[in-house]
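Student: Handing you this structure, nothing more for now.
The values are calculated or read from the model by the stated rules, or taken from the named source; none is laboratory data. Because the structure is a prediction, the values reported are computed rather than measured. All Cβ positions, even for glycine, are placed from backbone atoms using ideal geometry, and neighbour counts span all protein chains on display. Areas reflect the complete protein model, heavy atoms only, side chains present, ligands, DNA and RNA absent. Shrake-Rupley method; radii C 1.70, N 1.55, O 1.52, S 1.80 Å.
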Amino acid sequence: MEQQIVIDSRFRGPPDSGNGGYLGGVIARHFDGPAEITLSRPIPLGRPLDLEWFEDVVLLCDGDNLVATAEAKPFEMEVPPAPSYQEAVHATRFRLPQDRHPFPSCFVCGPGRHEGDGLRIFPGPVDGTGLVAAPWVPDASLANGDGRVQSPFVHAALDCPGAFAALEGKDPRPIVLGRMVTQIEGPVEVGERYVLVGWRVGGSRRKHHVGTALFTADGERRAVALATWIERS
């Protein structure tokens with residue numbers, strides 16, 4: 001098992017820290033089933049971080065500082081039906097422009113990232129549903145040897161739609177991932193059309209609980225996640 005990992009600056013969320021969904025996917029590769037990651041501080045970029053193993057719990061540390069905790073966490077949740085691919089395309093018309101986006105260089109949802117660099121997932125509201133949605137066609141840079149998207153990128157894709165669902169169309173403001181558990185249920189292939197959705201589950205004050213899911217263009221579910229997002233004060 002890995003004893004150290006390095007999160008490249010390509011995989012950032014805020015300008016100076018890693019994307020939480022991507023990090024969760026990197027660590028989750030060491031678990032047989034779903035793993036819940038809890039973030040304790042911003043994820044350092046470009047330097048070795050230590051993985052410490054304690055039975056079913058993994059600690060990620062930056063020297064003496066705890067960055068994240070991961071543990072096995074099976075879960076079930078009710079998932080709404082997917083909007084059509086065309087509805088997801090339509091929803092992106094309401095996406096945030098670069099000058100209003102809190103983190104325009106985010107690997108997942110940043111409008112400042114070009115194709116083949118960021119995932120360019122731009123969620124917007126789906127009329128009359130309470131959902132946000134975005135289309136996604138994974139590019140070849142995300143693939144492993146058999147043309148399937150590597151699992152950390154699937155985790156990452158499920159991250160930011162949750163932030164947009166948490167804000168429920170309110171004015172954009174910095175909001176960061178606190179906790180996320182993801183279950184991948186089927187293959188995700190490069191060059192194919194997918195629909196990502198997010199919806200609010202609950203929460204209070206600065207804390208928001210959300211669900212996200214990834215579907216094929218035909219409405220077959222491929223992955224689902226449950227997350228907690230926290231507004232920065």
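Quick grid of which residues meet (1) modelled with pLDDT of 95 or more; (2) over 24 Å from Val126 (Cα atoms); (3) of a type in the set (Val, Ile, Thr); (4) open to solvent by less than 30 Å² (accessible area, probe 1.4 Å):
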position: Leu45; (1), (2), (3), (4): yes, yes, no, no
position: Trp53; (1), (2), (3), (4): no, yes, no, no
position: Val67; (1), (2), (3), (4): yes, yes, yes, yes
position: Ala70; (1), (2), (3), (4): yes, yes, no, yes
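Student: Could you list, in sequence order, all residues of the stretch 141-156 that are modelled with pLDDT of 95 or more and in contact with a Gly (Cβ under 6 Å, 6 or more places away or on another chain)?
Tutor: Answer for the stretch 141-156, where residues must be modelled with pLDDT of 95 or more and in contact with a Gly (Cβ under 6 Å, 6 or more places away or on another chain): Ser151, Pro152, His155, Ala156.
Student: Among the residues of the stretch 80-96, is there at least one that is open to solvent by 40 Å² or more (accessible area, probe 1.4 Å), within 24 Å of Arg29 (Cβ to Cβ) and not hydrophobic (A, V, I, L, M, F, W, C)?
Tutor: Taking every residue of the stretch 80-96 in turn, none turns out to be open to solvent by 40 Å² or more (accessible area, probe 1.4 Å), within 24 Å of Arg29 (Cβ to Cβ) and not hydrophobic (A, V, I, L, M, F, W, C).
Student: Just for the stretch 3-14: of the residues that are open to solvent by 30 Å² or more (accessible area, probe 1.4 Å) and touching a Phe, Trp or Tyr at 6+ places or on another chain (Cβ under 7 Å), which one is farthest from Thr69 (Cα to Cα)?
Tutor: Per the criteria, the residue is Arg10.
Student: Turning to a different aspect of this structure: Can you go through Gly13, Gly18, Gly46, Gly25 and tell me which one is touching a helix residue (DSSP H, G or I) at 6+ places or on another chain (Cβ under 7 Å), on the phi > 0 side of the Ramachandran plot and of a type outside the set (Lys, Arg)?
Tutor: Gly46
Student: Next up: For the stretch 112-135, give me the residue count where each residue is farther than 27 Å from Pro80 by Cα and open to solvent by 30 Å² or more (accessible area, probe 1.4 Å).
Tutor: Residues in the stretch 112-135 being farther than 27 Å from Pro80 by Cα and open to solvent by 30 Å² or more (accessible area, probe 1.4 Å): 5 in total.
Student: Take Asp159 and tell me if it is modelled with pLDDT of 95 or more and under 20 Å from Pro125 (Cα atoms).
Tutor: It is true that Asp159 is modelled with pLDDT of 95 or more and under 20 Å from Pro125 (Cα atoms).
Student: Is the stretch 71-94 home to any residue that is assigned to a strand (DSSP E or B) and of a type in the set (A, V, I, L, M)?
Tutor: Scanning the stretch 71-94 turns up at least one residue that is assigned to a strand (DSSP E or B) and of a type in the set (A, V, I, L, M).
Student: Let me ask another. Considering only residues of the stretch 8-34 that are of a type in the set (Gly, Ala, Ser) and under 12 Å from Pro152 (Cβ atoms), which is farthest from the chain's Cα centre (by Cα)?
Tutor: Ala28
Student: Given the criterion out of contact with any helix residue (DSSP H, G or I) (no Cβ under 6 Å at 6 or more places or on another chain) and not in a loop (DSSP other than H, G, I, E, B), identify the matching residue among Ala165, Ala156.
Tutor: Ala165
Student: Among the listed residues Leu119, Leu142, identify the single one that is touching a residue at least 40 places away in the same chain (Cβ under 8 Å) and closer than 14 Å to Val190 by Cα.
Tutor: Of Leu119, Leu142, the one residue that is touching a residue at least 40 places away in the same chain (Cβ under 8 Å) and closer than 14 Å to Val190 by Cα is Leu142.
Student: Scan the stretch 133-140 and give yes if some residue there is assigned to a strand (DSSP E or B) and at pLDDT below 95, otherwise no.
Tutor: No - not one qualifying residue is present in the stretch 133-140.
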